[in-house]
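Participant: Can you read through this structure? Questions will come right after.
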Amino acid sequence: MSGPRHIPVLIREVVKAIAPRDGGRYVDATFGAGGYTRAFLDKANCRVIAIDRDPDAIAAGQALAVHYAPRLQLIEGRFGDMAELLSAEGVAEVDGVTLDLGVSSMQIDQPERGFSFKSVGPLDMRMEKRGASAADLVNRAAECELADIFWRYGEEHGSRRLAHAIVERRKKKPIETTGELAEIVRRAVGTRSKDESDPATRSFQALRIAVNDELRELERGLAAAEQVLAPGGRLAVVSFHSLEDRTVKEFVRLRSGRTPSPSRHAPPRLRPQPPATLRDLTRRPVVPSAAEIAANPRARSARLRVAEKLAALPVRGSA
Ligand SMILES: C[S@@+](CC[C@H](N)C(=O)[O-])C[C@H]1O[C@@H](n2cnc3c(N)ncnc32)[C@H](O)[C@@H]1O
């Protein structure tokens, strides 16, 4: 493959969590450059079904599929649709699922994909290369919708100022490039201190999350993974910002039966809690070592959470 390569993050920890074994079947639900897939296939005589919503990632992975044939199968699609994608291939259950969230280095480092404010390209950001782009959103959304996106997904304190600046600018001319948007952001919100990262980091992240509907996809992906895992199968999720990590943490907490203890004054629970389906294997997330961060700065905000699927409870009355 030509172009920038993605360095897999927390790879040793993910392989340890998934513990691939001979004859096992695993889903790498965010194939990217295939770092995890390769590690699983090298670790054991297992099979990997790899999913990615980016057609470029699937096209670039074909050489790997040939190399590992017939043990690697590539599917273009969203991990939220994992159960349906697997079922279309006649697969009902798997022994492990990984999600390595966010964008790959191939996506971020190619200016024409429009994910990065560090290089000038079209304001695109679509992982799937179809549907509404970031430019569509920025040029068409209502001011309050834009403010909401920057606040909710970028935790941008100047979200309203920024949304207003965008609306004023687009009255004169549509905003078409990453460079134009980055400039508007810097002027509208500025940096609070010399050491602070470029303010465009937050607003570009926010737009990317909105364009790709990433948080809803994550919720769907977690539920789908829980559904397709066989008892004893592991789910390993690597996230890169607090919105993602919070979603994963909350999902595992609820599914492992750890609901908040009710207040003494609260009315008694009317409905029984659903039985736990997962066991939480990482109450505290696994983080990269200093050596990994030094070698790959993109790993610095990574957090790994792992859960194991529990055996289904026997139906009452059955033997
Ligand atoms: C951080 S990269 C994964 C890198 C991979 N683990 C590796 O080692 O090369 C994330 C990948 O997930 C894909 N992706 C993000 N959201 C997705 C979704 N909802 N469904 C399928 N793929 C998705 C992106 O297109 C990107 O290629």
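Participant: Does at least one position in the stretch 141-158 carry a residue that is of a type in the set (Lys, Arg) and outside any helix (DSSP H, G or I)?
Facilitator: Pass one, the stretch 141-158, residues of a type in the set (Lys, Arg): 152.
Restricting the remaining residues to those that are outside any helix (DSSP H, G or I) gives none.
Among the residues of the stretch 141-158, not one is of a type in the set (Lys, Arg) and outside any helix (DSSP H, G or I), which makes the answer no.
Participant: Is there a residue in the stretch 79-96 that is within 20 Å of ARG113 (Cβ to Cβ), touching a strand residue (DSSP E or B) at 6+ places or on another chain (Cβ under 9 Å) and of a type in the set (Gly, Ala, Ser)? Steps first, please.
Facilitator: If we filter the stretch 79-96 for residues that are within 20 Å of ARG113 (Cβ to Cβ), which is where we start, we get 79.
Add one more test, that the residue is touching a strand residue (DSSP E or B) at 6+ places or on another chain (Cβ under 9 Å), and what stays is 79.
Pick out the ones that are also of a type in the set (Gly, Ala, Ser) and you get none.
Checked against the condition, which is being within 20 Å of ARG113 (Cβ to Cβ), touching a strand residue (DSSP E or B) at 6+ places or on another chain (Cβ under 9 Å) and of a type in the set (Gly, Ala, Ser), the stretch 79-96 yields no hits at all.
Participant: On to the next question. For the stretch 207-242, give me the residue count where each residue is within 16 Å of the ligand (Cβ to nearest atom), closer than 23 Å to HIS157 by Cβ and not in a strand (DSSP E or B).
Facilitator: First, pick out the residues of the stretch 207-242 that are within 16 Å of the ligand (Cβ to nearest atom): 207-228, 234-241.
Narrowing further to those that are closer than 23 Å to HIS157 by Cβ: 207-211, 214-215, 239-241.
Of the ones still in play, those that are also not in a strand (DSSP E or B) are 207-211, 214-215, 240-241.
Number of matching residues: 9.
Participant: Within the stretch 106-113, identify whether any single residue is within 16 Å of the ligand (Cβ to nearest atom), open to solvent by 30 Å² or more (accessible area, probe 1.4 Å), under 20 Å from the mean Cα position of the chain (by Cα) and of a type in the set (S, T, N, Q), and answer yes or no.
Facilitator: As a first pass, look at the stretch 106-113 and keep what is within 16 Å of the ligand (Cβ to nearest atom): 106-110, 112-113.
Restricting the remaining residues to those that are open to solvent by 30 Å² or more (accessible area, probe 1.4 Å) gives 108-110, 112.
When the remaining residues are screened for being under 20 Å from the mean Cα position of the chain (by Cα), the result is 108-110.
Still in the running and of a type in the set (S, T, N, Q): 110.
Yes: the stretch 106-113 contains one or more residues that are within 16 Å of the ligand (Cβ to nearest atom), open to solvent by 30 Å² or more (accessible area, probe 1.4 Å), under 20 Å from the mean Cα position of the chain (by Cα) and of a type in the set (S, T, N, Q).
Participant: Give me the pairs, please: first residue somewhere in the stretch 217-238 and closer than 18 Å to ARG21 by Cα and open to solvent by 10 Å² or more (accessible area, probe 1.4 Å), second residue anywhere and of a type in the set (S, T, N, Q) and not in a helix (DSSP H, G or I), beta-carbon distance under 9 Å, and either six or more positions apart or on two chains.
Facilitator: Here the result reads ARG234/THR98, each pair linking the stretch 217-238 to a residue that is of a type in the set (S, T, N, Q) and not in a helix (DSSP H, G or I).
Participant: If you take the residues in the stretch 239-261 that are among the basic types (Lys, Arg) and under 17 Å from ARG303 (Cβ atoms), which one is least open to solvent (accessible area, probe 1.4 Å)?
Facilitator: ARG253
Participant: As an exercise: evaluate ILE18 against (1) open to solvent by 20 Å² or more (accessible area, probe 1.4 Å); (2) over 16 Å from GLY77 (Cα atoms); (3) within 13 Å of the ligand (Cβ to nearest atom) and give the number of the one condition it does not meet.
Facilitator: Of everything listed in (1) open to solvent by 20 Å² or more (accessible area, probe 1.4 Å); (2) over 16 Å from GLY77 (Cα atoms); (3) within 13 Å of the ligand (Cβ to nearest atom), ILE18 misses just condition (1).
Participant: Mind checking which residues of the stretch 49-73 are open to solvent by 10 Å² or more (accessible area, probe 1.4 Å), more than 18 Å from the chain's Cα centre (by Cα) and within 13 Å of the ligand (Cβ to nearest atom)?
Facilitator: Once the filter is applied, which keeps residues that are open to solvent by 10 Å² or more (accessible area, probe 1.4 Å), more than 18 Å from the chain's Cα centre (by Cα) and within 13 Å of the ligand (Cβ to nearest atom), the stretch 49-73 yields ALA59, ALA60, LEU64.
Participant: For the stretch 118-130, does any single residue satisfy the condition of being modelled with pLDDT under 95, of a type in the set (Gly, Ala, Ser) and over 21 Å from GLU217 (Cβ atoms)? Reasoning before the result, please.
Facilitator: First pass over the stretch 118-130, keeping only residues modelled with pLDDT under 95: 118-120.
Imposing the further condition that a residue be of a type in the set (Gly, Ala, Ser) reduces the set to 119.
Next, only the ones that are over 21 Å from GLU217 (Cβ atoms) stay: 119.
Within the stretch 118-130, one or more residues are modelled with pLDDT under 95, of a type in the set (Gly, Ala, Ser) and over 21 Å from GLU217 (Cβ atoms).
Participant: Give the residue, chosen from ILE175, ILE149, that is of a type in the set (A, V, I, L, M) and under 29 Å from ILE51 (Cα atoms).
Facilitator: Values: ILE175 fails: under 29 Å from ILE51 (Cα atoms).
Sole residue among the options that is of a type in the set (A, V, I, L, M) and under 29 Å from ILE51 (Cα atoms): ILE149.
Participant: Oh, and also: Which of the residues spanning the stretch 116-141 are of a type in the set (A, V, I, L, M, F, W, C), in contact (Cβ under 8 Å) with a residue 60 or more places away in the chain and open to solvent by 10 Å² or more (accessible area, probe 1.4 Å)?
Facilitator: Passing the criteria: PHE117, MET127, ALA132, LEU137.
Participant: Can I ask one more? Of the residues that make up the stretch 142-152, is at least one open to solvent by 20 Å² or more (accessible area, probe 1.4 Å) and under 30 Å from VAL14 (Cα atoms)? Don't jump to the end; show me each part of the working.
Facilitator: Kept after step one, since they are open to solvent by 20 Å² or more (accessible area, probe 1.4 Å), are these residues of the stretch 142-152: 142-145, 148, 151-152.
Next, from what is left, pick out any that are under 30 Å from VAL14 (Cα atoms): 152.
Yes, some residue in the stretch 142-152 is open to solvent by 20 Å² or more (accessible area, probe 1.4 Å) and under 30 Å from VAL14 (Cα atoms).
The values are calculated or read from the model by the stated rules, or taken from the named source; none is laboratory data. Keep in mind it's a predicted model, so treat the numbers as computed, not measured. Virtual Cβ from ideal backbone geometry, glycine too; neighbours counted across all protein chains shown. Quick note on the areas: whole protein, heavy atoms, side chains included, nothing else; ligands and nucleic acids left out. Shrake-Rupley method; radii C 1.70, N 1.55, O 1.52, S 1.80 Å.
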